[in-house]
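Just below is one structure, and these are the notes that go with it.
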Amino acid sequence: MPFTHEQFLDVFARYNVALWPAAAALWLASAAAFIWLLRAGRSAARPIAALLAVHWAWAGIAYHAAFFTRINPSAWLFAALFLIEAVLLVSFGVVRARLRFSRGASLRHLLGFGFIGYGLLYPAIGLAAGQVFPRAATFGVPCPTTLLTAGFLLTLEPPLPRVVAIIPILWALVGGSAALLLRVPADWALFAAAVALGVNLARSAANTPEPARL
């Protein structure tokens, strides 16, 4: 990697000192969206999709472009991918209303709720694992954003649009490497999220009928 563990933590420190009010507001909005989903089901679909788009745009601009690029030139590519995901969430979830988040008791729903809860608890998990604020991963950064997104996508009524799930799966694998290479224990859950989302995507594709052919 082109940076050290200490430099990585310094990025979190600069982000937290400069933007902690926005990160806190984003956490409150995400917690409210989770409660809304549990209470209202499908009627919360468009607002949740819009919130997830804000998450990805925020992580792309406020974290990757504004801070992470200082130690890793690849962060410009990461920022672009996060902005693409934000556009996809707006297109599929807000404009076309094809992301129908739902409540239920199926295994995928329970997994989804678990990942959403884990994403909300992500800052506390990092602190419990030994990180010290402000040099700690809090909220609005890529990894809790990906965990939240994976959780919400697992609650979707099928079919799950493949293009919407690809970038979260890829980042779950990239970000999950931080669990080992950068000693961020909270990021181990990203590998589980990638597997769960990948399996759900494969099942959704297999159960989607092919269009009629002439």
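Which of the three applies to the stretch 78-135, rounded, prolate or oblate, going by the alpha-carbon gyration tensor with a ≥ b ≥ c and a/c under 1.5 meaning rounded?
On the way: a/c = 3.83, a/b = 1.35, b/c = 2.84.
Judged from the Cα gyration tensor, the stretch 78-135 comes out oblate (a/c at least 1.5, b/c at or above a/b).
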Cα-centred dipole magnitude for the chain, charges only on beta-carbon of K, R (+1) and D, E (-1), debye, nearest 20: 580 debye
Highest-MSF residue in the chain out of PRO168, PRO123, PRO144 [GNM, Cα springs under 10 Å]: PRO123
Dipole axis of the stretch 5-206 (+1 Lys, Arg; -1 Asp, Glu on Cβ), positive-most option in ALA22, SER74, ASN200: ASN200
The stretch 103-147: mean projected area of Cα convex hull, nm²: 3.5 nm²
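Rg/Rh for the stretch 106-214 to two decimals, with Rh computed the Kirkwood way over all alpha-carbon pairs.
Numbers: Rg = 15.5 Å, Rh = 14.4 Å.
Ratio of gyration radius to Kirkwood radius: 1.07.
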Rg/Rh for the stretch 22-140, where both radii come from Cα atoms and Rh is the Kirkwood radius: 1.00
Nearest 10 degrees, 0 to 90: helix 188-207 Cα axis against the chain principal axis: 20 degrees
Selection from ALA40, HIS5, ALA186, by position along the positive dipole direction of the chain (Cβ): ALA40
Inter-label distance for ARG135 and SER102, nm, one decimal - labels placed 7 Å from Cα along Cα-to-Cβ: 4.8 nm
Crossing angle, helix 75-89 versus the chain [Cα axis fit, 0-90 degrees, rounded to tens]: 30 degrees
From the C-alpha gyration tensor of the chain, square roots of 5λ in Å: 29, 18, 16
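Coordinate-derived values only; no laboratory data. Remember, it's a predicted structure, so these values are computed and weren't measured experimentally. As a convention, Cβ positions derive from the backbone with ideal geometry for all residues, glycine included, and neighbour counts pool all protein chains shown.
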